[in-house]
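Since the structure comes first, as structure tokens, the remarks are kept for the end.
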Amino acid sequence: MNRTCKIHRRLGHSADKRNANRSDARVGNLTATGKAVFLSYASEDAQAAETICAALRSAGVEVWFDKSALRGGDEWDAAIRQHIKACSLFLPVISRNTQARVEGYFRLEWKLAVDRSHLIAADHAFLLPIVIDDTPDATARVPDRFREVQWTRLPGGQTSPAFAQRVARLLNPQAAGNAEAAATPAADAGAPAATPLTGTARSTRPKVALYGVLALAVLALGILGVYRGALSPSPEATAPAAGADASATQGATTSDFNPPPHSIAVLPFVNMSGDPKQDYFSDGLSEELLNSLVTVRDLQVAARTSSFSFKGTNAKLANIGKELNVGAILEGSVRKDGNHVRITAQLSNAITGFNLWSQTYDRDLKNILALQTEIATAVTKALKATLLIGAAAAIERGGTSNPQALDAYLRGESMVMSSREAGLARIATYDEALRLDPSFAKAYARKALALASFAGSYEPADRTRLVVEQALEIARKAVQLAPDLVDAHLAVARILADGLLDFKDGKTEFERALALAPGDARALSATAYFLSGIRDFDAALANARTAVTLDPVNSHAYVNLGFVFLRARRYAEAVDAFSHARSGANADPWASGLQGFAYIGLGQWESAVRSCSAPPVSFVSQVCMAVSYDKLARTAEAQATLQQMQAQAGDSMAYQYAEVLAQWGDIPGALKWLETAYRLKDPGLVWIKTDLMLDPLLKDARYEAIVSKLNFPN
């Protein structure tokens, strides 16, 4: 009996109904022929998919392969759904291309296949994932269902006869129901090794501090390729009583997921105003509520970047819960009308989908701080967590009761400093908020960081310190207004340590911020970054790992962990961490250059060049390339890279020039630039004690003199 393998190309969203209808007619035989194979792949992997199909054909499996098929319209979509419903085997092709793309028809196909696998008894015999490159198992962005079966690796799509014969046997009616045959690929002699999947993705994060002060800002949003399902249980389901522990019912639902009992993620509330330009307001209120919950004792709160990565997706609560390792999820909507706001909030068990608590609030915006407290209190009661003594005051600390000031502040929080003009515009919004409410401590803290970041990025070298000192004065004003405001102490700490190289007072401020909010991923990441520079590696690693636990989707958090490994000279672990930070759609732009540093530490020069030359190229990448080229005796390329750096940045990269020249063996030149860096108070000097690039200078008296003058804490 002939079997059909159905493959189609992903060539964009064509509306060519004529081509779609023609293709539908050709693939219509799929269901007519009975049991079949559906091979799902990204368009970039078409060649490998064709290779797999050719091997299947040689084993007696008829392969349908329409290279001209264009997606187009509802008819084509309906055909895909029909074929997935009818096929006997679903073979998803996994690669770097599928990991890099958060959208694509293959992801919808994966979801449809997973949904179907839950409905058939032999679900392990239905799913047969294929990996065609070196995509790591633990970090692959795939549905959880794929992790429950073993994978087959076919590099480049090269398919052994044993695997093709195995597919043919699985299509045999006598073997189709045998889940063990699909779950144990090793049973086929000569078949490619199958890889069991366990665990979840690992991670990292740092930033080399040329433009120092906001190097640790957790601003980027990771977008996950998952599809959001229904948020509520079926009408027949009986929800547990409000106040039930979010993890109380999970044991009956899953045996491999056991999140902390009082753990929660706050998803971005939906903007119900009808105007997408108002997203900043609903997002901002959601983030403020998240930051309020961070101050509550006994709560483990997923960080903002990870929680907000699900914005606009159709991910199921169970998938979100597993991805973020939380047992409960808070979501809702915001409708703003002038100075009036209606907020609907709902707390759900992440495993069962059962509603734990829900409420609708109609308030004047001047009462928004009290509303934050009210929602936070209700959530903690529903989770049976314990509010800190004085928690209400802590939640409302540093805020404003002026609706216009709040609006300006939230607009500033939504802006990205992508250019000099954008930076000035962001600072101006904080100024507007402070004009409307001169006692708005949070606005002072955020303006201070924005101003310091602007100074490091856009002010000339001879003005940078003056502007950073102004930023410090503004940050201290925030502390004066709200002495226990985490944001205020973080702003002071970052400006002292990264902007002014005052490490002793900076350490005190980092410790104060972390004491105020030990579960705040921002405070943990910032403190870890700082501690790795003063050689307190144990504490730095502990903080960085906790930050990753709280913010598992944030590539910046992963880079930070890798950075701590790098400074601790644990190069292999740093390579692994940076590798995870480079994967996925929200790869950190610093990760490739920093991974190159780790390869330099391992003496793997070719790997360093490959890593640090990968786009986007940052100044970190340029340092890495200049050093690696020299190690490989590619002198002209090394010198050209340094010349390019100097042409671009002038004296503002003095510390980086010292790194390059030290590795080239030009000790006098390196020390000259290091002294220039000290004179200019280059933020890179925070790493002078732990920088492997400066190892050739360690025994030089001039190097020791600079380190001594920097007055590092013991």
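Compute log10 of I(q)/I(0) for segment 413-524 with the Debye formula, placing one identical point scatterer on every Cα and leaving out solvent, at q = 0.19, 0.24 Å⁻¹, to two decimals.
So the normalised log intensities work out to -0.97, -1.35.
If you find the alpha carbon centre of segment 522-549 and of segment 437-464, how far apart are they in angstrom?
Comparing the Cα centres of segment 522-549 and segment 437-464, I get a distance of 24 Å.
Under a Cβ-only charge scheme (Lys and Arg +1, Asp and Glu -1), can you give me the dipole magnitude of segment 565-664 about the Cα centre, in debye to the nearest 20? Display every interim value, and only then the final one.
Details: 7 positive and 8 negative charges, 34 e Å.
Taking the Cα centre of segment 565-664 as origin, the dipole is about 160 debye.
Taking R0 as 51 Å, what FRET efficiency do you get between ARG435 and ALA54 from their Cβ-Cβ distance, rounded to the nearest 0.05?
Numbers: r = 69 Å, r/R0 = 1.36.
It comes out at approximately 0.15.
Which Cα, out of GLY665, TYR703, SER621, lies furthest along the positive dipole direction of segment 589-714 (beta carbon charges, K/R +1, D/E -1)?
TYR703
List PHE563, PHE530 from most exposed to least, where exposure is judged by having the fewest other Cβ atoms within 10 Å. Before the final figure, lay out each step's value.
On the way: PHE563 32, PHE530 26.
Fewest-to-most ranking of PHE563, PHE530: PHE530, PHE563.
Among ILE474, ILE329, ILE427, which comes first, second and so on when ranked by fewest other beta-carbon atoms within 10 Å? Provide the component values of the computation, followed by the final result.
Working: ILE474 23, ILE329 27, ILE427 19.
Going from least to most buried by this count: ILE427, ILE474, ILE329.
Mind checking the dipole of segment 400-517: about its Cα centre, +1 per Lys or Arg Cβ, -1 per Asp or Glu Cβ, Debye to the nearest 20? Kindly include the intermediate steps, with their values, before the conclusion.
On the way: 15 positive and 17 negative charges, 6 e Å.
Magnitude of the dipole: close to 20 debye.
Let's test the formula: R0 of 56 Å, r as the Cβ-Cβ distance of ASP115 and ARG702. What FRET efficiency results, to the nearest 0.05?
E between ASP115 and ARG702, to the nearest 0.05, is 0.25.
Taking the convex hull of the Cα atoms, report for segment 589-714 its projected area averaged over all directions, in nm². Display every interim value, and only then the final one.
Numbers: hull surface 30.1 nm².
Mean shadow area of the hull around the Cα atoms is 7.5 nm².
Counting only Cα atoms, I'd like the Rg/Rh figure for segment 630-702, Kirkwood definition for Rh. Could you put the intermediate results ahead of the total?
Numbers: Rg = 11.9 Å, Rh = 12.4 Å.
That ratio is 0.96, to two decimals.
For the pair ASP364/ASP538, report the inter-label distance in nm, with labels modelled 7 Å from Cα in the Cβ direction.
Spacing of the two 7 Å Cα→Cβ label points: 5.5 nm.
Under a crude label model (7 Å from the Cα following the beta-carbon direction), how far is GLN480 from ALA633 in nanometres?
The answer from the label model is 6.4 nm.
Ordered by packing density, taken as the mean number of other Cβ atoms within 10 Å over each peptide's residues, highest first, how do 537-546, 440-449 rank? List each step's numbers first, then the result.
On the way: 537-546: 20.0, 440-449: 26.9.
By packing density, highest mean first, the sequence is 440-449, 537-546.
Bear in mind that the values in this text are calculations on the coordinates, not laboratory data. The structure presented is a predicted model; accordingly, all values stated were derived computationally and were not measured. Methodologically, a virtual Cβ is constructed for each residue, glycine included, from the backbone with ideal geometry; neighbour enumeration extends over all protein chains shown.
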